[in-house]
Every structure is written in structure tokens, then in C-alpha cells.
Amino acid sequence: MASSTSAAINEEAAPTNSKFRVLTASLVGTTIEFFDFYIYATAAVIIFPYLFFPTSTDPMTATIQSLATFAIAFIARPIGAALFGHLGDRIGRKATLVAALLTMGISTVAIGLLPTYAQIGIAAPLLLALCRLGQGLGLGGEWSGAVLLATENAPEGKRAWYGMFPQLGAPIGFILATGSFLLLGAFMSEEAFMSWGWRIPFISSALLVIVGLWIRLKLHETPAFQNVLNKQKEVNVPFKEVMTKHWGMLILGTIAAICTFVVFYLTTVFALNWGTTQLGYSRADFLELQLIATLCFAAFIPLSAILAEKFGRKATSIGVCVISALFGLVFASMLESGNTLVVFLFLCIGLAIMGLTYGPIGTVLSEIFPTSVRYTGSALTFNLAGIFGASFAPLIATKLATEYGLAAVGYYLTAASILSLLAFLAIRETKHDDVNSQI
């Protein structure tokens, strides 16, 4: 009786995080992570083919080689998910989030300091691939921890709303990344930009990482995981637990998130490459269109959270998959229209759909797993979906468009959307679940 009384007192005395600190920490951290990730995605199209893969006489081949290094991070992300997921489910969310942010940040700064192919030969693309591997490992652990930081601190009936704050880091990071390249291109010559200016966003990310660390180090553990610690219910090997006891949700969650990745990378990385190489747009002009269209991405994330709280995560996600499938049918006609207004509308629609599907996905993937393996489970599902839905999406789309035309890329998007729709049909509605009691 005395021990239960003592436990109750300890639970009551446990420090809590303020709403402002929770939401700021989850938003700032993912903003930094996605800024780092997107500056690589942009550079993989407009810079790295010329500086790290210049031996190819065919510009498209060099771009494909560069995009192959882009894919490395998505292959590394499930490894990062397993590694940081283990730490997050064993020692806590706070310490793991700090470690993931450092891994990502150091890798990104290192890219900005790399010598080029002209300076050290074949070692240059190998080092680039190694740094990209580090980015993938860090992001593999970052995203899930940020979502859990938000949702596990959320009051009842607000999990989808809290869960969309780390998702907002994606459009903000994209805007910062794209904006930085636009500014550099506007204020320096092309020669200076290709020589050293492209390095500035990578190196300057160190400042953002310092800010993120300062905020996260002030956090307390989430109430849900603190409950696991108090009851000594930590799982020895979370990865094994997920693979043996929750493999069904792992598969369904992975398939459900594929649409999210495909729609985004087709309307950003692939569209940027196709627009600047095949449609005659300058890099600055197309980046400006994408930058403005990203506001639709940001605006529709809160809307998706409102819909998910009102109608449920499942119904909202199913509806968005239907919209995405239909968008795939008009993908080619809009992108290759030759009309800048139509191309801009194409980007706005695609990124609005991305906002609708991306907003609730973090909440969905976290709620389908119990607290003791939630970090590992949600991280694995999201990052496995990254392999199937994003890692080779720009590469596959480029191949499809080159050999079969842009219509094939649209059908690719439609197929991915239908696949995710079927997975959401099989996932239970989690709106009314008490996630803090699911140990």
C-alpha cells in the first residue's frame, strides 16, 4: 500500500511540458530536419550532377546518378528508425530526439564542406553518399520522436491537432530550403553559386541545429512514456516486439503512407527536374512557382487535422487517397500544358493533396501501436513507406516519362493512391483510443 501511494505521489509530482514548449520543439525540430533534407533534394537536381558526377557525357545520366544518392537516405531511414526507435522506447523520447537531430545536422554540414569530383575524383561522390547515409539515419529517428512528443503530450480530443505541428515542419523546411537557393541565385553569379554559393545552406544549417537542441534539452519526458517507466514496462528489444507481435500494423501502416511520399516527390523533385530540363523553365522560375505553391501544402495540413478530429483519421485519409488517385489522371495534361498558370495550378493541387494526406499520417501511425513500442513501430512504418514511396520515386518517374510519356507518371501516382486507400480501409479508426493507457 505504501509503495502504491509513493508511486501515485511520484506520478503527481512528475514535471509536465507546457503546450508552447511541446509544440515549438516538435515544429522547430522537424523544420530543421526537413530543411536539411530538402536542400539535398534540390541540390541533387541542380548542382550535384555537375560537381560530383561530371564524367557522364549525358546530362540525364548524371542526374540519375545524383538521384541515386538521393535514394540512399530513404534506404538508411528504416535503419535509423530501428536504432533510434530502440533508444526512444528504452530510454525515452527526449534524449533520442537530441541524438537524431545531431546525426542529421552533422551530416548536412559535412556535405557543405565536401571537395568536388574535380578536386579528389571518385572519392567525392563516395563521401557524398556517406553523408547522405547519415542524413537518412538521423531523419529515420527524428520524425517519429517529434510526432510522439506532440501526440503523447496532447489533451484528449486534440491528438490530431497536436500531431500536425511536427508535420508543419515539412512545408516550412521546404520554403526555407527553396528560398535559400533562390536568394543565392539572385545575389550572386552562376559561376560563384556553382563554385561555393551552394555550400551556404548546408553549412548554415548548423545554426538551426543549435536552436533546435537548445529547445529540446529543456523538455521533460512525455506522460505516456513516463507511465511506461513508472510501471517498468519497457520492452527489451522493441524491434523484435514490433516484427513478431505488431507486424500486421507495420505492413498496413507502411502501405497507407506510400501515397504521401509519392505525391510529394512527384510534385517537387521530379517536377523540378522535368520542368527545368524538358519544359524550358529556368531553375529560378520553377523554384519560385514551387515556393509559392508550398503555401498550399502548409495551409492544408491544419485543415486535415480539423477533418481528422471531426470525421476520424480513417475516413479523412480514405477521402484524400481518392482525390490523389483522380489527380494522377490529369497529372500529365497539366504539367506539360505549356501554360505557366496551369503548371502553377498543378503544383498547388499536388501540394494541397500532400498537406491533406501528410497532416494526419503521423497521428495515424503513432496511434496504431502501444506506447512501449510506439517509437519503433511508427518510425519503421513511416520510413519503410519512404523506401517504397519516395526513395526511387523521382528516378522511376523520370524513367517512365522518358520511355512512356508523362501520362505513365500520372498512372504511377494513381496506383500508389489506390494502394494506400486499400490499406486505410483495413486499419481501425483510432480517434477514440486512449493512447496513454496502451502500454
Requested in this report: Calculate how steeply helix 159-187 sits against the longest principal axis of the alpha-carbon atoms of the chain, using the helix alpha-carbon long axis, and give the answer as 0 to 90 degrees to the nearest 10.
Outcome: 30
Query - Gaussian network model of the chain, Cα within-10 Å springs - most flexible of 402, 178, 103 - result: 402
Report summary line: Fewest to most Cβ atoms within 10 Å: 196, 143, 274 sort as 196, 274, 143
**Report entry** Shape category assigned to the range 160-282 from the gyration tensor of Cα positions, a/c cut at 1.5
**Finding:** oblate
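Please get the size of the charge dipole for the chain, origin at its Cα centre, with Cβ charges of +1 on Lys and Arg and -1 on Asp and Glu, quoted in debye to the nearest 20.
720
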Query - Distance (nanometres) between label positions extended 7 Å along Cα→Cβ at residue 288 and residue 123 - result: 4.2
Requested in this report: Once you've got the Cα coordinates, tell me which of 240/431; 314/431; 158/314; 94/218; 245/314 are over 20 Å apart.
Outcome: 240/431; 245/314
Report task. Please arrange 32, 301 by counting, for each residue, the other beta carbons lying within 10 Å of its beta carbon, fewest first. Result -> 301, 32
Report task. Rounded to the nearest 500, what is the 222 nm mean residue ellipticity of the chain from helices alone, with -39500 (n - 2.57) per DSSP H run of 4+ residues and division by all residues? Result -> -26500 deg cm²/dmol
Query raised in the report: GNM on the chain, C-alpha springs below 10 Å: top fluctuator among 241, 429, 190?
Result: 190
Query raised in the report: For the chain, what's the relative contact order in percent, using C-alpha pairs closer than 8 Å and at least 6 residues apart?
Result: 25
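None of the figures in this text is laboratory data; all of them are computed from the coordinates on show. What you see is a predicted model, and the numbers here were worked out from it, not measured in a lab. We place every Cβ from the backbone using ideal geometry, glycine too, and count neighbours over all the protein chains shown.
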